[in-house]
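What follows is a set of notes on a single structure, which appears directly below.
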Amino acid sequence: MALIHQLQGVGQATAALLEKLNLFTTDDLLFHLPRDYEDRSSIIAMNQLQVGRSYLLEGVVQSVDFPAGKRKSMAVALQDDFGKVTLRFYHIYKNLTNTLQVGQRVRVFGEIRVGARGLELYHPEIKAIHAHTPLPKTQLTAIYPSTDGLTQAKLREYVKQALQQHSDALPELIPSQFCNGYALKDALFYIHEPPLSANMQQLAQGSHPAQQRLIFEELVAHQLSLLARRAYIQQIQAPALPSSKVLAKQLLAGLPFKMTHAQKRVSKEIADDLKQNKPMLRLVQGDVGAGKTLVAGIAACHALEADWQVALMAPTEILAEQHYLNFKRWFEPLGLNVAWLSGKQKGKARSAAEAQIATGAAQLVIGTHALFQDSVKFAKLGLVIIDEQHRFGVDQRLALRNKGDAQYTPHQLVMTATPIPRTLAMSAYGDLDTSIIDELPPGRTPIQTVAIPIDRREEVLQRIANNCAEGKQAYWVCTLVEQSETLDAQAAEATYQEIQQRFPELKIGLVHGKMKADDKQRVMQQFKDNQLQLLIATTVIEVGVDVPNASLMIIENAERLGLSQLHQLRGRVGRGALASFCVLLYKTPLSKNGHERLSILRESNDGFVIAEKDLELRGPGEMLGTRQTGDLGFRVAKLERDDHLLNQAHDVAQQIMQKYPQLVEPLLKRWLPEAPRYAYV
Ligand code: ADP
Ligand code: MG
């Protein structure tokens, strides 16, 4: 490996451009893979051109002129035996005018566009030739991700040098028995300079075996980083928390129901983890309404009884507040102090909360992201519970770890109602153990879901009003108009006004993300206390809000939302014994995808089925949220395309960890140079 400026032709200016692309060494260049390929092996006649495609053309310069216009340009007429095109240049430099003399024969490559003079090529690659100059290309031409000022021709030249002079030194990091016959070096040559016979479609899709060889290596490296993180965490000290003898029993005794089998099983899995003196990292998946909160409560008992603090973090104010009230209700009667911490809390309230947390006077702390802030210091943090994990990034997960004291790292329990398809879980949460609450509490009647076109909104509204008048409670959800909380809030506001005017006798409330936490909380509480019959809301009520008496939900513009989100929303009803309904109001005409989504929801109430479909329809990026796919940070792999390699990558990573530990560090360096390193021994 050499530094990039050691390549021929790379001066300081070029090196700076390459660095913009994160290319610092010849190895970086070798792994800078083409984004596309072009066939420049044959010259195309000028009467055969299609707009928008790129061609290699050969002709003689007929004229050169500099037409007046808004932007100064140079127009070059180029002609062959069949037709004529115009080459257009806006940056005019000496080499260009020297080469493009009238009468000169040139080869040009570029995309055909329609310009002022008909078919034009803007800034094509050009080469002066003589008649009968042989075609130089015996291979497909790679097109690289580049940056302003760095031409494809130059990039190709540097890659060529790197291939010829430095690829021999590139270590093979995947033992040969694991990599379907392709040596790394051969794969790189093939990818950068594929023969003309190569399958271009495969290459463009990234499914060629040479590409898959690299993709596999990247997936292995990624799995290794998760294994390494796991190994690292396993050798960190955590407080060993014996199972609660008193608190858990007291908590359960105060409840009007018994735990389900699934809740008991998962609680035991957690208790077993907590007894260890290494940090638990466990993901609990359970469909909406499965009763995750109680499982969290029992987990908290073990820590609290052993005199350790517990922090519970939720992604939204509403949800955090609800947990706060819930935990207060459960734990204050047992003599424990529950503190509240949110980003909106300022001044005295904030410093009082922080003081309680720092002295240990507050044993339980519930809050939002604010819990991560530097100013928040815990006296003795033993367990961190994160609700609705899919909204938190991997880094945040690690950040909370540092809230423990120097000697002990807290245990972590992560809960999500969005069941995560296995392939995705393996990549994004491969460092976590998983428990599944696969049973709903008894007595729930399944939610009936219907999809109704928006032109029958009037009818639906009338029916809802009637139902509410009979004592049922309903949610009316206004969905994102744009990706904007403000517009969203306005839509909800307008709907609120409209319905209130139509049905003045109906008691209606409004919650949206732009309201003050206090106001939101007050409205939610009124709805909970059955003082409101209809709650108009934005998707802020999505996660966790629990009002068992609400049995109707209307989702306007349901076609705009993803499957998992709709399922989450719908999970707000069907929480009590009442038969529940969900009405998906949609705008016609429905796209094929939209139609499919609504059908799936009508047919299934099973969060796991829905999550798998969601992954199929949307891909992992959307499903995890951008932040988390950013964390995944793949350079060549794409989960939606390459997930069939994951199992094998996981196995190979384990074998490398055991049998070839010397390969781990170089693999991580090659593929995840930015990722934090964990010392694993
Ligand atoms: P989620 O898993 O969606 O967070 P919650 O913890 O909010 O679900 O529980 C949903 C509702 O079910 C709550 O009202 C809770 O009190 C109730 N619940 C939890 N566990 C049981 C159980 N074992 N039997 C009956 N109801 C339960
Ligand atoms: Mg919940």
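The values are calculated or read from the model by the stated rules, or taken from the named source; none is laboratory data. Predicted, not measured: the structure shown is a model, and the values here were computed from it. Neighbour counts are summed over all protein chains in view; Cβ atoms, including those assigned to glycine, are modelled from backbone coordinates with ideal geometry. Note: areas computed on protein heavy atoms with side chains; ligands, DNA, RNA excluded. Shrake-Rupley method; radii C 1.70, N 1.55, O 1.52, S 1.80 Å.
Worth a mention:
- Just so you know, in segment 377-402 the residues that are assigned to a loop (DSSP other than H, G, I, E, B) and surrounded by 20 or more Cβ atoms within 10 Å (Cβ to Cβ) include one that is modelled with the highest pLDDT, and it is Phe378.
- Of residues in segment 570-598 being assigned to a helix (DSSP H, G or I) and in contact (Cβ under 8 Å) with a residue 40 or more places away in the chain, the one nearest to ligand 2 (Cβ to nearest atom): Arg570
- Looking only at segment 2-22, residues that are closer than 20 Å to Leu170 by Cα, over 33 Å from the mean Cα position of the chain (by Cα) and not in a helix (DSSP H, G or I) come to 4 in all.
- If you check Leu57, Leu100, Leu33 for being closer than 30 Å to Ala637 by Cβ and either among the aromatic types (Phe, Trp, Tyr) or open to solvent by less than 60 Å² (accessible area, probe 1.4 Å) (or both), only one passes: Leu33.
- Looking only at segment 240-270, and only at residues there that are more than 10 Å from ligand 1 (Cβ to nearest atom) and modelled with pLDDT under 95, the one that is least open to solvent (accessible area, probe 1.4 Å): Gly254
- Some residue of segment 203-221 being part of a helix (DSSP H, G or I) and either within 16 Å of ligand 1 (Cβ to nearest atom) or touching a His at 6+ places or on another chain (Cβ under 8 Å) (or both): no
- All positions within segment 171-194 that are open to solvent by 20 Å² or more (accessible area, probe 1.4 Å) and within 25 Å of Tyr37 (Cα to Cα): Asn180, Gly181, Tyr182, Ala183, Lys185, Asp186, Phe189, Tyr190, Glu193
- Segment 271-298, subset of a type in the set (S, T, N, Q) and not in a loop (DSSP other than H, G, I, E, B), residue nearest to ligand 1 (Cβ to nearest atom): Thr293
- Of all residue pairs spaced 6 or more apart or on separate chains, those with beta-carbon atoms under 9 Å, a first member in segment 441-452 that is in contact (Cβ under 8 Å) with a residue 24 or more places away in the chain and more than 13 Å from ligand 1 (Cβ to nearest atom) and a second member that is among the small types (Gly, Ala, Ser) and open to solvent by 50 Å² or more (accessible area, probe 1.4 Å) are Thr445/Ala577; Thr445/Ala579; Pro446/Ala579; Ile447/Ala579; Gln448/Ala579.
- Verdict on Leu78 being in contact (Cβ under 8 Å) with a residue 60 or more places away in the chain and either in a strand (DSSP E or B) or buried (at least 18 other Cβ atoms within 10 Å of the Cβ) (or both): no
- For segment 300-312, the count of residues that are polar (S, T, N, Q) and touching a Lys or Arg at 6+ places or on another chain (Cβ under 7 Å) is nonzero.
- Within segment 123-171, the set of residues being touching a residue at least 60 places away in the same chain (Cβ under 8 Å), among the basic types (Lys, Arg) and within 18 Å of Leu18 (Cβ to Cβ) comprises just one member, Lys154.
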